[in-house]
Structure formats: C-alpha cells, structure tokens
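Colleague: Below is one structure. I have some questions about it.
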Amino acid sequence: MEQSVSAPLQRAKQLLGGETSLAVVQNSEERTFDSRGIGALLDLLPQGGLRGASVADKIVGKAAALLMVRGGVKEVYAETLSESGDAVLRRYNIPYACGTLTPAIQNREGTGPCPMEKAVENISDPGTAQAVLRARRDELADGRPSAKKLGFGCMRLPVVGGKTGQIDIGRFAGMIDTFLSRGFTYFDTAYRYHDGDSEPALRKALVERHPRDSFTVTTKMPMFMVHKREDMERIFDDQLQRLGVEYFDYYWLHALNRLEYMKVQKLDAFGFIMQKKKEGRIRHIGFSFHDTAKTLDNILADHPEAEYVQLQINYLDWNSRLVQSRACYETAMRRGVPVIVMEPVKGGALASLPPAAVQMLKNHDAAASPASWAVRFAASLPGVAYVLSGMSDEAQLDDNTSYMQNFVPLTEEENKLAFAAGAIVKGGTAVPCTGCRYCAEGCPQHIAIPEYFALLNENKHTGGGKEMYAELAKAHGRASDCIRCGKCEKICPQHIKIRSFLQKAAQTFEQP
C-alpha cells in the first residue's frame, strides 16, 4: 500500500528500523524514539513537538492517529496502520502512506485489543483522546492495569461523638479493608480535611496496615494557608510525615481560583511541585479547582506541566452559571488534561433526593440508589480518570462499590433522567451547600455555617429545624452573631452568598 511521499516523510521513514519505533522530522530537525506504544507522542504534545512535522511510526492505530491529529502533524507514514487509524487520518485530511493495513492493533501478547485502542474505542475528539490516553498510560506505568474509577474521598469519614476532628479509626480501617478487597485503590485526602485529622487517620488505617504498592494516595498543598515559599516546604514535609509515606502518587495545589492563582504565580507553586516530582517525592502533579472555565483555561495554558485537574462535576451543577461544571470539563478536554471528579453527589444532596425525583429514577431502575445515578453520571464522561465519593459509613461504601466494580456508563436516556431529577432538586433547595466546611474553619464567630444551611434546606421541605438549631447554637455561634467579615465567602467553592443566608437562618430559627 505504498504511496508517493515527500522528502521529509521519506527521511522520517528511513530513520525507522532497529530500536527506532518513531521518527519525527520537523523544520529540518530529526528526532528518533525507541519507546513502544504512544508514550513519545504523548510527551511531544505539550512541547509542540508534532506541529507541522513529518512523522513515521511502526504502528499507528486509532490512538496514535488521534494524537497525531491533536499535535498538528503535516503527514504520516505507518509501517502498520489499523483500519480505525486510517479512518481518523482520512477524516482530518492528513496525507499518509502505509506498508500494511490491518483490521485492528492487538496487545503485546496477541490475546486481545491494545489497551490504548480500547481506551479510545468510542472517542472521536482528539483533545478528549489525549486526556483519556494520558490517564491510561499512567495507570499502566504505575502498575494499575485494571484500575477502577471510584476513589475514596477522605473528607466525610465516620467520627467519634460527632467531633469533626476525631475520626473513628476502627471503622475507617474496616471500610478501607473492604474497599481494597473489592479492587479499588485510590484515596484522596488533604491537609485540612477533618480539622487536620484526615491525613494522620489515613496513615493509621491504610499506610501502616497495607503494602505501599496496593494503594494510591492523593493529597494537596493548601494554598489558602501558604503565605511564603517556605510554607510550602514545611507543609509538604509535614504531610509526608503525617501520612507516613516517602512519596505521593498524586499531589495537587488545593482549591485554586483566580485569587489563589495570583499567589501560585507569585510563589512559583507549580515550580515547587515540579521540583518535588523530579526528586521522586511526587509521581503526578495537578490542581483542584473552583472558579470559571476562563480562569481554568488560563491556568492550563500557563502550565502545560499540569497532568490532572480535579473538578466539581455533577448533574445538578452541569449547567450552573457559578460552578460551571460542564464548561470546566470541556475546557479540560480541549486542553487534553484528564479529570478527577469531586462532589459528584454534591455533598450528599444527590443521595437524598425529593420523593418525586426518587420515584422517577426508581421507575427506570428500582434497584439503583440515587447516589449511583450521580456517581455514574460523572464516571461516564470521557477523560474522567476517577470519581471521588466521601463515604461516611459502611452502607455508602457497599452501595458505591456494588455498581462501580463493573462500571456501566449511563445511557443517553439515563442522562436525561438524571437532569430531570436535578431540575426537581433545584426547585426544593434553599441553599446549594455541599458541607465542605471551608467556611466554618475560618469563621471568627465559630458559626456552624454548613449545619445551619442544612437546617434551612430541611425547613424548606418540612418546616422544621428550630429545635436542632437551638441545640447547635449552644456550642456554636448563632447565625445572628455573624460580623459580616466576608472570610467565608472568599473561600466558598460554591460561591454562596453566605452572609445573606445567615441572615435568613437567623430570621427563620431565632425569632419566636
């Protein structure tokens, strides 16, 4: 199937052979690579190393072809080209030639399809393909060929006596054992979760009890607590000790928004975590994010070294003007960056739906829990590597693992039902609070903000909540104690007008 080729492509073709599996001729510069698979193509993309290049590759399937399109190659020669790769090159009008056309690319053992080909089987967008393939390569390189998409979020763990900063280690350890036994490996924590007790609890319940290669750990640099570069060094070293590990599998700059990003740039926080990666203290870097899609795009444009972004995605916030779940997700895919999903159940709001929404979903699938719809919605999005669920008890763990062990994406019809359920929820929610508690931690009046907002939501449905408010107010500041300093609103990931809602709580619960 030889065709006439240009001089640069002919030169790239000549460079193939022996250990050389990929050759790139770009602006008279010649580069060769001996790595198998699509690794070199993925590494060249952020550098612009394929733009306008003549590329020769020993094996080109759909995955490689999509990456070549993504990189803006000029022309391609493939010793072996799959039919799906052929279709991609034709669709994007990239001139090509090949030696052998084959129906499909097999894995190295010849026992089935190549895992990279399998990963992009239902994907046609080159940016999304880049995100999917980056995540899949990491899974294989890190020894997780059968990685499952559910992650254990360590933000809402079982506690003793209702005290946020006192995690029930025995129950947590039992939940971890069950989670691992069912084939799940991903754990997500942070420096300030559970008033600082989450990282130490994860060390006791997981790290000290299981082999290091049996789990993956993500934690985060709390940029809202960082004021000078020395703070990052101190906190990072503290986190290694608190978790009892020598390296983090994933490490994020925590809760970036427009204002925090200014600090990130000033202190070169990306440079800091890049250096830790070079030292072997971090395997993969990125950031968690709460702001507009425009701000996200600016960060990803400035920092192509970011390997992942953690986003709030759920069907309730998908078209939200404030959270911008959909717009942020689409921005990440356009930039080719894989996504970790947080708040898929929106702090439990999508696990406790109004009766009308529950009945509608039950009519379609009587056995599926409301939470399963929310988690599966997020996990069904191409380019999503993991979906985090903050599991507070064994029942939540059992439910989540039951449908995520053999994950099945939502159908188009099921997606429509999820959005319909979201419309019902929006009509019955007073405050869109997820209970993350960032606001409460910095409140000078010690007001139980998330708890009072939960009571406002309950009051909207039932008219109740006054007795519980009175009990909470004995140990915390009342809603009317708010001094309107605004610290809470600056850190709220949901952009809630907290001061206004506290006024409403005071009017609802404090007046006779």
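The values are calculated or read from the model by the stated rules, or taken from the named source; none is laboratory data. Since this is a predicted model, take the numbers as computed values, not measurements. We place every Cβ from the backbone using ideal geometry, glycine too, and count neighbours over all the protein chains shown. These area figures cover heavy atoms from the full protein model, side chains too; ligands, DNA and RNA do not enter into them. Shrake-Rupley method; radii C 1.70, N 1.55, O 1.52, S 1.80 Å.
Colleague: Of the conditions (1) closer than 21 Å to Cys154 by Cα; (2) surrounded by 20 or more Cβ atoms within 10 Å (Cβ to Cβ); (3) modelled with pLDDT of 95 or more, Ala395 fails just one. Which one is it?
Modeller: Of (1) closer than 21 Å to Cys154 by Cα; (2) surrounded by 20 or more Cβ atoms within 10 Å (Cβ to Cβ); (3) modelled with pLDDT of 95 or more, only one is false for Ala395: (2).
Colleague: Okay, moving on. Condition check: within 30 Å of Asp291 (Cα to Cα), open to solvent by 40 Å² or more (accessible area, probe 1.4 Å) and either of a type in the set (Lys, Arg) or without any contact (Cβ under 8 Å) to a residue 60 or more places away in the chain (or both). Does Glu441 satisfy that? Can you show your working first?
Modeller: Values: within 30 Å of Asp291 (Cα to Cα): yes; open to solvent by 40 Å² or more (accessible area, probe 1.4 Å): yes; either of a type in the set (Lys, Arg) or without any contact (Cβ under 8 Å) to a residue 60 or more places away in the chain (or both): no.
Spelling it out, it is not the case that Glu441 is within 30 Å of Asp291 (Cα to Cα), open to solvent by 40 Å² or more (accessible area, probe 1.4 Å) and either of a type in the set (Lys, Arg) or without any contact (Cβ under 8 Å) to a residue 60 or more places away in the chain (or both).
Colleague: Looking at the structure I just gave you, is Ala371 open to solvent by less than 30 Å² (accessible area, probe 1.4 Å), under 19 Å from Thr434 (Cα atoms), not basic (Lys, Arg) and not in a loop (DSSP other than H, G, I, E, B)? Let's see the steps before the verdict.
Modeller: Numbers: open to solvent by less than 30 Å² (accessible area, probe 1.4 Å): yes; under 19 Å from Thr434 (Cα atoms): yes; not basic (Lys, Arg): yes; not in a loop (DSSP other than H, G, I, E, B): yes.
Here the answer is yes, as Ala371 does meet what is asked.
Colleague: So which residues in the stretch 307-322 are open to solvent by 10 Å² or more (accessible area, probe 1.4 Å) and among the aliphatic types (A, V, I, L, M)?
Modeller: Leu316, Leu322
Colleague: Check Ala131, Ala147, Ala135 and return the single one that is out of contact with any helix residue (DSSP H, G or I) (no Cβ under 7 Å at 6 or more places or on another chain), under 22 Å from Glu343 (Cβ atoms) and open to solvent by less than 60 Å² (accessible area, probe 1.4 Å).
Modeller: Numbers: Ala131 fails: out of contact with any helix residue (DSSP H, G or I) (no Cβ under 7 Å at 6 or more places or on another chain); Ala147 fails: out of contact with any helix residue (DSSP H, G or I) (no Cβ under 7 Å at 6 or more places or on another chain).
Being out of contact with any helix residue (DSSP H, G or I) (no Cβ under 7 Å at 6 or more places or on another chain), under 22 Å from Glu343 (Cβ atoms) and open to solvent by less than 60 Å² (accessible area, probe 1.4 Å) holds for just one of Ala131, Ala147, Ala135, which is Ala135.
Colleague: Within the stretch 221-274, can you find the residues that are surrounded by fewer than 21 Cβ atoms within 10 Å (Cβ to Cβ) and assigned to a strand (DSSP E or B)?
Modeller: Scanning the stretch 221-274 gives a single hit, Asp249.
The rows are residues; the columns are (1) more than 31 Å from the chain's Cα centre (by Cα); (2) not in a helix (DSSP H, G or I).
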{"site": "Val25", "(1), (2)": "yes, yes"}
{"site": "Glu30", "(1), (2)": "yes, yes"}
{"site": "Val55", "(1), (2)": "yes, yes"}
{"site": "Ala63", "(1), (2)": "no, no"}
{"site": "Val69", "(1), (2)": "no, no"}
{"site": "Thr80", "(1), (2)": "yes, yes"}
{"site": "Asp86", "(1), (2)": "yes, no"}
{"site": "Asn93", "(1), (2)": "yes, yes"}
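Yes/no per residue for (1) assigned to a loop (DSSP other than H, G, I, E, B); (2) touching a His at 6+ places or on another chain (Cβ under 8 Å); (3) among the aliphatic types (A, V, I, L, M); (4) open to solvent by less than 50 Å² (accessible area, probe 1.4 Å):
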{"site": "Ala349", "(1), (2), (3), (4)": "yes, no, yes, yes"}
{"site": "Val358", "(1), (2), (3), (4)": "no, no, yes, yes"}
{"site": "Lys362", "(1), (2), (3), (4)": "no, no, no, no"}
{"site": "Asn400", "(1), (2), (3), (4)": "no, no, no, yes"}
{"site": "Glu414", "(1), (2), (3), (4)": "no, yes, no, yes"}
{"site": "Gly422", "(1), (2), (3), (4)": "no, no, no, yes"}
{"site": "Ala430", "(1), (2), (3), (4)": "yes, no, yes, yes"}
{"site": "Cys433", "(1), (2), (3), (4)": "yes, no, no, yes"}
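Colleague: Can you tell me how many residues within the stretch 117-154 are without any contact (Cβ under 8 Å) to a residue 60 or more places away in the chain, assigned to a loop (DSSP other than H, G, I, E, B) and closer than 25 Å to Val88 by Cα?
Modeller: Counting residues in the stretch 117-154 that are without any contact (Cβ under 8 Å) to a residue 60 or more places away in the chain, assigned to a loop (DSSP other than H, G, I, E, B) and closer than 25 Å to Val88 by Cα gives 3.
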